[in-house]
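Scroll down for the structure; my scribbles are underneath it.
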Amino acid sequence: MQLKNKSALITGGGSGVGRAIAEHFAGEGARVAVADIDQEGAEQTVDSIKANGADAFSIAGDVSAPAEVASMIDQAVAKNGGLNIIVNSAAIARVQKFLDITLQDWNEMLAVNLTGVFLCAQAAARHMVKFGGGGRIINISSVNGQRAISGRGAYTVAKGGLEMLTKIMAAELGEWNITVNSIAPAPVDTPMIKKMHTQSTREQWYRVLPIKRYARPEEIAHAAAFLASDNAAYISGHTLNVDGGFNATGLLLDL
Ligand SMILES: NC(=O)c1ccc[n+]([C@@H]2O[C@H](COP(=O)([O-])OP(=O)(O)OC[C@H]3O[C@@H](n4cnc5c(N)ncnc54)[C@H](O)[C@@H]3O)[C@@H](O)[C@H]2O)c1
């Protein structure tokens with residue numbers, strides 16, 4: 001029960017990594033608000049949390065729309081009596097070669113995956129500061145934020161921006177005892193990745209992953225729970241790679 005009595009808002013909580021985080025946080029005693037543009041997905045997460053004996057509620061909203069973000073934060077605060085933790089997991093992904101990216105694709109990707117985190121984190125931090133400080137902001141980044149992985153141009157740039165957004169927030173919010181960290185997974189077996197990765201893509205990843213499988217969503221959730229817990233009170237501005245060793249590795253020789 002490392003998150004007992006904490007109030008947490010999880011964006012993108014209707015699927016994949018965000019769902020696993022919402023479920024795990026609820027199991028650790030947090031009061032969880034599950035926000036997603038896909039209300040049905042968010043409600044399924046809430047049902048699964050309730051089926052395990054904890055409580056949660058859903059909020060429908062688009063992280064890239066400022067008025068909807070304001071309403072998300074207000075609802076989470078009102079229903080849970082405050083807000084201690086926000087996890088920004090909502091994102092979109094596309095496979096596109098650099099030469100094929102349209103301006104519309106580029107703008108949509110940055111609007112959700114970077115501006116969306118800015119809007120949610122800023123609104124959450126303003127609330128935390130107003131009520132005396134203390135809080136956790138956890139951004140779900142990606143190994144794409146540190147490495148240029150082909151076919152992921154706009155996504156990679158948005159995640160790279162998210163890495164710096166994490167650092168600047170850590171620098172400016174520390175005086176209010178708000179920690180800001182990101183988690184950078186390599187591929188995680190979620191609906192997003194099941195749609196995007198062919199068998200051939202998977203096999204190419206297995207060749208460069210020291211641990212020769214994709215992450216399970218729960219493995220990202222455990223890292224997020226640690227960063228949200230009292231045990232991580234002095235960790236801020238950090239990117240926690242949960243990537244099976246991918247970032248540590250150069251060439252994996254088949255000896
Ligand atoms: N799956 C992976 O391999 C992988 C690897 C590295 C990082 N990530 C990151 O993990 C996070 C979660 O990804 P996932 O694999 O669980 O994806 P997913 O598609 O399963 O879940 C993403 C959720 O975000 C929601 N969402 C999308 N746009 C939104 C918006 N504008 N407003 C609110 N909600 C919105 C979707 O409805 C969905 O429920 C993302 O930030 C992603 O970039 C995923």
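Numbers for the structure displayed
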{"quantity": "Neighbour-count ranking [beta-carbon atoms within 10 angstrom, fewest first] of Ile49, Ile193, Ile101, Ile211", "calculated": "Ile211, Ile101, Ile193, Ile49"}
{"quantity": "Extension gain (nm, one decimal) between Ala65 and Asp254, 0.36 nm per residue minus Cα-Cα", "calculated": "63.2 nm"}
{"quantity": "Segment Ala171-Gln96, extension gain: residue separation times 0.36 nm, minus the distance between their alpha carbons", "calculated": "23.6 nm"}
{"quantity": "The stretch 35-135: chymotrypsin sites (Phe, Trp or Tyr not before Pro) falling in loop per DSSP and having at most 14 other Cβ within 10 Å", "calculated": "Phe131"}
{"quantity": "Debye intensity ratio in log₁₀ form over the Cα atoms of the stretch 21-139, taken at each q of 0.20 Å⁻¹", "calculated": "-1.10"}
{"quantity": "The stretch 212-229 - phi-based ³J(HN,Hα) in whole Hz, Karplus 6.51/-1.76/1.60, Gly and Pro as x", "calculated": "7, 7, 7, 5, 8, x, 5, 5, 6, 4, 5, 5, 5, 5, 4, 5, 7, 7"}
{"quantity": "Mean ellipticity per residue at 222 nm, deg cm²/dmol - from DSSP H runs of n ≥ 4 across the chain, formula -39500 (n - 2.57)", "calculated": "-14000 deg cm²/dmol"}
{"quantity": "Folded to 0 to 90 degrees: helix 153-173 orientation relative to the chain principal axis, Cα", "calculated": "40 degrees"}
{"quantity": "For the stretch 133-176 and the stretch 58-126, distance of Cα centres in Å", "calculated": "13 Å"}
{"quantity": "Simple label model, 7 Å out from Cα along Cβ direction - His238 to Ser48, nm", "calculated": "2.7 nm"}
{"quantity": "Ile211 paired with Phe131, simple spin-label distance in nm, labels 7 Å along Cα-to-beta-carbon", "calculated": "3.4 nm"}
{"quantity": "Rg followed by Dmax, in Å, when the stretch 160-255 is reduced to its Cα trace", "calculated": "15.8, 51"}
{"quantity": "Computed Kirkwood radius, in angstrom, where 1/r is averaged over Cα pairs of the stretch 7-241", "calculated": "17.6 Å"}
{"quantity": "Spatially proximal lysines relative to Lys159 (Cα-Cα < 18 Å; intrachain offsets below 8 disregarded)", "calculated": "Lys97, Lys167"}
{"quantity": "Cross-link reach list, lysines versus Lys50, counting only Cα pairs under 21 Å and skipping chain neighbours closer than eight places", "calculated": "Lys4, Lys6, Lys79"}
{"quantity": "Partners for Lys212 among aspartates and glutamates (Cα-Cα distance below 17 Å; same-chain residues under 8 apart left out)", "calculated": "Asp189, Glu203, Asp243, Asp254"}
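Bear in mind that the values in this text are calculations on the coordinates, not laboratory data. Just so it is clear, the model here is predicted, and its values are computed rather than measured. Here the Cβ is made from the backbone with ideal geometry for all residues, glycine too, and neighbour counts use every protein chain on show.
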